[in-house]
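Engineer: Before I ask anything, let me first share the structure, which is written out below as structure tokens.
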Amino acid sequence: MRLIHTADWQIGKVFRFVDQATMGVLQEARLEAISTLGRLALEHGAPTVLVAGDIYDIATAEDRTLAQPMARMRAFAGVEWHLIPGNHDPHQPGGPWDRVLRRGLPANVRLHLESVPVAVEGGAVLLPAPLARRRTVTDPTAWMDQASTPEGTIRIGLAHGSISAFGSDARAQPNLIDPARPERAHLGYLALGDWHGTKRIGPRCWYSGTPEVDDFGVMDGGHALLVEVAAPGAPPEVTPLPTGRFDWRQEDVQIHGEDDIEIVTARLRALHEDPACLLLDLRLEGTLSLSARERLARTLDDLGAALRFLRVDDTRLYLSPSADDLEAIARGGFVRSAAETLRAIAGDPEEPARDIAARALLRLYVEHRKLMAP
């Protein structure tokens, strides 16, 4: 049998650090990823899609948010979608899944709210492990060991939770899943959700990751998994398939002079062929003169206008005013005296007001340049 394994759609996720227009684009991309999954299922002859929890980002999602992924799945009538609640959208009385059921499910969507075996296309049996609360102290997959299925069928597990290898204190982790579950429960494959990057736990156990990356630092996100199990007992063949539109990057950059600015800018612009699909978390380190720092600010403004999102951490980018910088501010008098004082404070690593002095000096330089402009 062939199937598509996905998880952690988190429809309705709020991106509080971006503007409203960008947030709308990112939220729409998460919905479009569902359509991408449907197309991939048809393209690869995998009519079964397993969604391993966290379809919604919060349990109190609005009605429109609840309906949006259902509409996307409904459009792919040749695909059967199997869903379980995760820790973001657990099945509780009056929760999101009760509301979804009252609205009615599309004919090709199957929602699993109980831990019972279910026959699926391809002669396999699905063993779903839905979450009824955000945090559980027991392994939601433990029941699979004793689950009765017809002899000679492929057993597929579907669950949402943590693997102990992800943390130093396994006892503190909720929804903890035994990584040996595929062997204990004789599973052909265990499809997991919760970890947002694609991750192989074992030959029969994988996290698919989220189909659209949603934060900086997520490794190997933006994928779904094509899984093929040829026969009972046969090892699964797992192939990651790209699904994400947006690229989230973290870059550490050192700048130590005006000549570095053009080199760094060219490098950053080359990170993605479509800058509008790039979200960049940029961390700067080094020293610059006042004139170079002013130029860098203009360059970053231009770069930010091209990218989908730019966040800059310049707390380790220090000012080293040159003699020309100070001459450009004032040749003498109280202004020059103030500039010298600020320069001394900004250059002292032990001075608590170092950053404030540096920014004040830069502001003084910029404002003076405006006054002197023709």
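Engineer: Given (1) modelled with pLDDT of 95 or more; (2) buried (at least 16 other Cβ atoms within 10 Å of the Cβ), identify the lone condition not met by Ala61.
Structural biologist: (1)
Engineer: Looking at this structure, is Arg155 in contact with a His (Cβ under 8 Å, 6 or more places away or on another chain) and basic (Lys, Arg)?
Structural biologist: Yes; evaluated as a whole, the condition is true for this residue.
Each row is one residue, and each column tells you yes or no for (1) open to solvent by 30 Å² or more (accessible area, probe 1.4 Å); (2) farther than 19 Å from Ile356 by Cβ; (3) in contact with a helix residue (DSSP H, G or I) (Cβ under 6 Å, 6 or more places away or on another chain).
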position	(1), (2), (3)
Thr299	no, yes, yes
Ala306	yes, yes, yes
Leu319	no, no, yes
Asp324	yes, yes, no
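Engineer: Still on this structure, I have one more. Taking region 269-290 on its own, how many of its residues are open to solvent by less than 40 Å² (accessible area, probe 1.4 Å) and either of a type outside the set (A, V, I, L, M, F, W, C) or within 20 Å of the chain's Cα centre (by Cα) (or both)?
Structural biologist: Quick first cut of region 269-290, residues open to solvent by less than 40 Å² (accessible area, probe 1.4 Å) only: 271, 276-282, 284, 286, 288-290.
Those still in the list that are either of a type outside the set (A, V, I, L, M, F, W, C) or within 20 Å of the chain's Cα centre (by Cα) (or both) too: 271, 276-282, 286, 289.
The total comes to 10.
Engineer: Also, I was wondering about something else. What residue, among those in region 182-206 that are more than 29 Å from Ile11 (Cα to Cα) and among the charged types (D, E, K, R), is most open to solvent (accessible area, probe 1.4 Å)?
Structural biologist: My answer is Arg184.
Engineer: Please name all residue pairs, on different chains or six or more residues apart, with Cβ atoms under 6 Å, provided the first residue is in region 269-286 and is at positive phi and the second residue is open to solvent by 30 Å² or more (accessible area, probe 1.4 Å).
Structural biologist: Close Cβ pairs (under 6 Å, with a partner that is open to solvent by 30 Å² or more (accessible area, probe 1.4 Å)) amount to Gly286/Gln254; Gly286/His256.
Engineer: Only residues that are in contact with a Gly (Cβ under 6 Å, 6 or more places away or on another chain) and more than 29 Å from Ala33 (Cβ to Cβ): list them for region 233-284, please.
Structural biologist: Gln254, Ile255, His256
Engineer: Which pairs have Cβ atoms under 8 Å, sit 6 or more apart or on different chains, and link a residue in region 1-24 that is assigned to a strand (DSSP E or B) to one that is of a type in the set (Lys, Arg) and surrounded by fewer than 22 Cβ atoms within 10 Å (Cβ to Cβ)?
Structural biologist: Every condition considered, no pair remains.
Engineer: Here's another thing I want to ask about it. How many residues, within region 73-99, are over 23 Å from Ile156 (Cβ atoms) and either buried (at least 20 other Cβ atoms within 10 Å of the Cβ) or among the hydrophobic types (A, V, I, L, M, F, W, C) (or both)?
Structural biologist: Number of matching residues: 2.
Engineer: Looking at (1) open to solvent by 50 Å² or more (accessible area, probe 1.4 Å); (2) under 22 Å from the mean Cα position of the chain (by Cα), which one does Leu42 not meet, given that it meets all the others?
Structural biologist: It fails just one condition, (2).
Engineer: Continuing with this model, one more query. Restrict the check to region 225-245 and report whether at least one residue is closer than 28 Å to Asp281 by Cβ, at pLDDT 95 or above, open to solvent by 10 Å² or more (accessible area, probe 1.4 Å) and among the hydrophobic types (A, V, I, L, M, F, W, C).
Structural biologist: yes
Engineer: I would also like to ask the following. Has region 211-218 got any residue that is open to solvent by 40 Å² or more (accessible area, probe 1.4 Å) and either touching a residue at least 40 places away in the same chain (Cβ under 8 Å) or in a helix (DSSP H, G or I) (or both)?
Structural biologist: no
Engineer: From the residues in region 1-23 that are touching a helix residue (DSSP H, G or I) at 6+ places or on another chain (Cβ under 8 Å) and open to solvent by less than 10 Å² (accessible area, probe 1.4 Å), which one is farthest from Leu225 (Cα to Cα)?
Structural biologist: For region 1-23, the residue satisfying everything is Phe15.
The values are calculated or read from the model by the stated rules, or taken from the named source; none is laboratory data. Worth saying up front: this structure is predicted, and the values here are computed from it rather than measured. Methodologically, a virtual Cβ is constructed for each residue, glycine included, from the backbone with ideal geometry; neighbour enumeration extends over all protein chains shown. Protein only, heavy atoms only, side chains kept; ligands, DNA and RNA dropped before computing areas. Shrake-Rupley method; radii C 1.70, N 1.55, O 1.52, S 1.80 Å.
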